[in-house]
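Read the structure below first, then the notes.
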Amino acid sequence: MITLDALIDQGLFACPRCGSSVRHESASWRCSNAACHYAKNPFPVVSGKPALVDFEKSVLDVGRLRATEGASVMRRKRRLPRPLLRLLEGRNRVAPLAVARMLELLHRDAAEANRRPRILVVGGGTIGSGVETLYSDPDVDLIAFDVYESPVVQFIGDGHAIPLADGSVDGVVVQAVLAYVLEPWVVAQEIHRVLRDDGVVFAATPFMQQVCEGAYDFTRFTDTGLRWLFRGFERIESGAVAGAGTALLWSLGYFARALTRSLPVSRIVQLAFFWLRHMDRFLDPRYAIDAASGVFFLGRKTARPIAQGDIAKYYQGGFPAG
Ligand SMILES: [Zn+2]
């Protein structure tokens, strides 16, 4: 990962309110535009990291951020022993392939331009499933932010107003984030903005999944819905992350939970039906897309977005045309 100091030296930070550059002087972070609110009111610093957030237009709350100061933790603690968790969740087979493809493309572009690829992880406070190689690649400048402080972020930010300059990164990874933001289309526009021309995005998001982030869980996407969200990108690959068997397994667990109000009972039911997940490999991929547990999109930024009249032609599922 690139250090915060190196990021400051590269002058990539932009004010989340007005887009002007952000100045870092004597431990204070301010907008360089004298007319901006954040010129006189510096951005807060939480555990040594700037919170570059326009708090008037964010669900993020400066008081809550301050309350967690010093309690830097990796979220999503495991509730089950690892072997049982592996039985239920399996291995993410899509993300490692998509990330490998992204790295291959960006390394090739970077070699031609004689520089290192710069990749941004939106919602990168926890290292996502199957994207570990991004973090271990010594030839990538990796930038990560999230709505909370963690050892693997350089700053705190809100995806609705990414505090980076236009065209400042070569790749963006946004995994298990778009369902948990209020306005995913705004976040997708921001990703498009911070990517350079021909930059690469990898997005993965839940489709047939129950609420899993409580009060901060807002939206689900079909495969076609995710394609429309990233209409300003040329498709490299897209489809289901996990199929209908995985979706059914989680549905049974949530059904048992609703019936008994018991998380342990829900877990026992899921463990009894863990084999459903393995049925995914026998499903027709077209029908699996219509009932997938999650969907993904890998694409390159383009100046020619898909038109409204053309989006239906994209459909990859099993329903007959017409
Ligand atoms: Zn500003």
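A short reminder: the numbers here are calculations on the coordinates, not readings from a lab. Everything quoted here is computed from the prediction, not taken from an experiment. Cβ atoms come from the backbone with ideal geometry, glycine included; neighbour counts cover every protein chain shown.
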Quick one: net charge around Val174, please, counting Lys, Arg +1 and Asp, Glu -1 for every other residue with C-beta under 12 Å from its C-beta. -2
By how many nm would the segment from Asp139 to Leu85 lengthen if fully extended, with 0.36 nm per residue of separation less the alpha-carbon distance? 16.2 nm
Ratio of Rg to Rh for the range 4-67, alpha carbon only, Kirkwood? 0.94
With Cα springs under 10 Å, the Gaussian network model of the chain assigns the largest mean-square fluctuation among Arg86, Arg231, Arg277 to Arg86
By the scheme Lys and Arg +1, Asp and Glu -1, what is the net charge of all other residues having a beta-carbon under 12 Å from that of Leu248? 0
Here the membrane-span-like helices of the chain, with no claim about any membrane, defined by DSSP H, Cα axial extent at least 18 Å and mean Kyte-Doolittle at least 0.0, are 94-113, 244-260
How big is D, in µm² s⁻¹, for the chain by Stokes-Einstein at 20 °C and 1.002 mPa s if Rh is the Kirkwood radius over C-alpha pairs? 103
Max mean-square fluctuation residue, GNM over the chain, Cα-Cα springs under 10 Å, options Pro81, Pro206, Pro305: Pro81
For the range 169-322, which semi-axes, largest first and in whole Å, follow from the square roots of 5 times the eigenvalues of its Cα gyration tensor? 31, 19, 13
For the range 126-227, the Kirkwood Rh over every pair of distinct alpha carbons, in Å, works out to 14.6
Can you tell which of His107, His160, His37 shows the greatest fluctuation in a Gaussian network model of the chain with Cα springs below 10 Å? His37
Thinking of the range 1-146 as a set of Cα atoms, what percent of all their pairs are more than 23 Å apart? 51
Value at 222 nm in deg cm²/dmol, rounded to 500, when DSSP H runs of n ≥ 4 in the chain each add -39,500 (n - 2.57): -9000 deg cm²/dmol
